[in-house]
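The values are calculated or read from the model by the stated rules, or taken from the named source; none is laboratory data. A quick note: this is a predicted structure, and the numbers were derived from the prediction, not measured. Cβ atoms come from the backbone with ideal geometry, glycine included; neighbour counts cover every protein chain shown. These area figures cover heavy atoms from the full protein model, side chains too; ligands, DNA and RNA do not enter into them. Shrake-Rupley method; radii C 1.70, N 1.55, O 1.52, S 1.80 Å.
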Amino acid sequence: MDQERAPLFDALEAMRSARIVPFDVPGHKRGKGNKALTAFLGEQCLSVDVNAMKPLDNLCHPVSVIKEAEALAADAFGAAHAFFMVGGTTSAVQAMLLATLKPGDKVILPRNVHQSVINALVLCGGVPVYVNPQASAQLGIALGMAIADVTAAMDAHADAKAILVNNPTYYGICSDLRAITTLAHARGMRVLVDEAHGTHFYFGLSMPASAMAAGADMAAVSLHKSGGSLTQSSMLLCGGGVNADYVRQVINLTQTTSGSYLLLSSLDISRRNLATQGAEIFEKVKRHAAYAREEINQIGGYYAYAGELVNGDSVFAFDETKLSVCTLDVGLAGIEVYDILRDRYDIQVEFGDLGNILAYISLGDKTKHIERLISALSDIRRRFGRERSALWESGYIAPEVVTSPQKAFYASKVSLPLTEAVGGVCGEFVMSYPPGIPVLAPGERVTAQVVQWIAYAKRKGCLLTGPESMDVSRLNILKEE
C-alpha cells in the first residue's frame, strides 16, 4: 500500500477548506465560542476538533477514510487488521482481553503487568494464572518470563484461553516472544501482547521481535509513546486468525462514540511518518541512548544497563532505545533522583521507582538534551550521593492470589489501617504510578512485606494510587464469610 498517503488527515484538511457552517457539536464551533481556549490551543487545532460527519467517517463503524487509514496502519505494522483507539493503550489492552475471555476463563500472564490488564479481568471475569517473572537483585527490577516457567504454567493450566506478554517491559526487557507464541498456539491458546512501549519494534532496524512478526494474535501498541502521535492515541493490532468484526463490537462496548479527530489524525500522520522514515528515526534514537549510557556509566555509581543483561531466556532481548538507569549505588532511590532532576534541574524523566529512573528517548530528542541530562546526573551524584544503605533491594514482590480480581473487587469489604490489613485479602489496587504496575491487586493477600513496601515508597516520595484511601493509610479488605 502507498504509505505516503494519509487519508484521514487529507479529509480533515478538505473539510477545513470547505468553510462549512457548523450546527453540530462540539459547542465551541471551531473555536469561535471559546476565545480563551482558541488562544491557548490555536485556531488551527480547534478548526479540526470536530464531530463525526459523513466526509470524515465514523470511528465506531468506519466505511471510508478511517477504514482506509486503519488499513494503511495494518499494512505498515504487518497486521491483518488495525483499530484506531482514542482511550489510550489502556482501552486497547482491555479490548483484546474482553474479546478473548469470558467469565471464569483463565489467562496466563506475568505479574508485572500494567494495571489496565487486571482492570480488564475485573470487567470480564477472567482468572489470572501468574508466572512470576525472574528478578534482578542488582537492579531491583522484574525481568521477563523464563520459557521453563511459561511451559510449566501452560502444562498446569491446559484449559487457559490465552497468554499475555509484555513486549518490552517498561525497563526494556523482552521475553522470547516467538517461542512463547509457538508454545501457546500448539496448545490452542491465543497470544496477547502489551506492546505499549514497543511501537518502534515495527520500524527500527535490528530491534527485538514485534508481536505481529512473532505471530501473536493481538497487540496493543502505544503510538503516543515512541511513535510520536498525540497522548491517548493508540492502536489495537490483530493477526489473521482473529475475528476483527467481533473485536470491533467489543471495542464499541467501552470506547467513546465521539472519537477525537485530533487523536485520530495524529495516528494517521504518525503512521505515515514511521512507515516512511522509521528506520532512520530509530537508528538516531539508538545512537542517542547508546551515547547516554556510555557517558552515564563513566560518572560512577549509576548503572545504565542494556544488552549485557541478555541471557537468552528471562532477558531474551533488550530494547536498545531505552535509557534505564539504576541509581542504587549512588545511595538514592530512583524516585529521589526523579524529584531532584525535576525540581532542581528542570528535567522531566518518565519515572523513578525505588531503584531506577527511565529517561524516555524518542524521535524528538536532540544531542544537547542528552548532554544536559548527563551533566545533571553527574552533579546529583556529587551533591546528593551517599553510601548505599537502607535502600529497598527488590522491585518485585510475588503475590499470593486468593480469589479472582472481579470477585474481590465487587465483594463486601471493610476499611482497615495498613498494619491491621496484614493477612487479609485486598479488594482494591495499590500501585506506584508510573509505571502503574500493582504491588497489590484485588484478590491478593496483604503481606507484611507489601505493607513495608508501601510505607517505604511513601517515605521516598512515590505517587501511590489505587485505593479509596487517597493517602494510602487504609486498605479495603474482603469481609470474612
Close pairs from the range 437-454: first farther than 25 Å from Thr90 by Cβ and modelled with pLDDT of 95 or more, partner of a type in the set (Asp, Glu) and open to solvent by 10 Å² or more (accessible area, probe 1.4 Å), Cβ under 7 Å, at least 6 apart: Arg445/Glu400; Thr447/Glu400
Single residue of the range 132-175 satisfying the filter (assigned to a strand (DSSP E or B) and at pLDDT below 95) that is surrounded by the fewest Cβ atoms within 10 Å (Cβ to Cβ): Ala135
Only one of Tyr433, Tyr456 that is open to solvent by 50 Å² or more (accessible area, probe 1.4 Å) and closer than 24 Å to Val349 by Cα: Tyr433
Single match in Ala73, Ala95 (criterion: closer than 18 Å to Leu8 by Cβ and modelled with pLDDT of 95 or more): Ala73
Members of the range 451-466 that are of a type in the set (Val, Ile, Thr), in a helix (DSSP H, G or I) and within 23 Å of the chain's Cα centre (by Cα): Ile454
Helices (runs of 4 or more DSSP H) lying entirely in the range 1-73 (those with 3 or more residues that are in contact (Cβ under 8 Å) with a residue 24 or more places away in the chain): 7-17
Selection within the range 167-193 - under 16 Å from Ala213 (Cβ atoms), of a type in the set (S, T, N, Q) and free of Cβ contacts under 8 Å to residues at least 60 places away in the same chain: Asn167, Thr181, Thr182
Scan of the range 449-481 for residues that are of a type outside the set (D, E, K, R) and touching a Gly at 6+ places or on another chain (Cβ under 9 Å), ordered by number: Gly461, Cys462, Thr465, Val472, Leu475, Asn476, Ile477, Leu478
Of all residues making up the range 308-317, the number that are over 16 Å from Ala137 (Cα atoms) and buried (at least 22 other Cβ atoms within 10 Å of the Cβ): 2
Answer residue from the range 257-271, given it is in contact with a helix residue (DSSP H, G or I) (Cβ under 8 Å, 6 or more places away or on another chain) and open to solvent by 30 Å² or more (accessible area, probe 1.4 Å) and is farthest from Cys60 (Cα to Cα) among those: Ile269
Thr89 vs. criteria β-branched (Val, Ile, Thr) and either surrounded by fewer than 24 Cβ atoms within 10 Å (Cβ to Cβ) or more than 30 Å from Leu205 (Cβ to Cβ) (or both): no
Matching residues in the range 223-237 - criterion: being in a strand (DSSP E or B) and either surrounded by fewer than 24 Cβ atoms within 10 Å (Cβ to Cβ) or among the hydroxyl-bearing types (Ser, Thr, Tyr) (or both): Ser234
Number of the exception - Gly443 against (1) closer than 25 Å to Tyr170 by Cα; (2) open to solvent by 10 Å² or more (accessible area, probe 1.4 Å); (3) not hydroxyl-bearing (Ser, Thr, Tyr): (2)
Residue, least open to solvent (accessible area, probe 1.4 Å), within the range 5-51, restricted to residues that are more than 27 Å from Arg272 (Cβ to Cβ) and β-branched (Val, Ile, Thr): Thr38
Every pair of residues 6+ apart whose Cβ atoms lie under 7 Å, when the first sits in the range 304-323 and is free of Cβ contacts under 8 Å to residues at least 24 places away in the same chain while the second is surrounded by fewer than 19 Cβ atoms within 10 Å (Cβ to Cβ): Ala304/Asn297
Check on Gly78, more than 18 Å from Asp217 (Cα to Cα), modelled with pLDDT of 95 or more and not aromatic (Phe, Trp, Tyr): no
Subset tally (residues that are of a type outside the set (A, V, I, L, M, F, W, C) and assigned to a strand (DSSP E or B)) for the range 414-445: 6
Near pairs, Cβ below 7 angstrom, 6+ apart or cross-chain, from the range 411-424 (in contact (Cβ under 8 Å) with a residue 60 or more places away in the chain and more than 14 Å from Asp471 (Cβ to Cβ)) to any residue that is among the polar types (S, T, N, Q) and open to solvent by 60 Å² or more (accessible area, probe 1.4 Å): none
Tabulated pairs, the range 254-274, first of a type in the set (Phe, Trp, Tyr), second not in a helix (DSSP H, G or I), C-beta under 7 angstrom, 6+ apart or interchain: Tyr261/Val48; Tyr261/Asp49; Tyr261/Val50
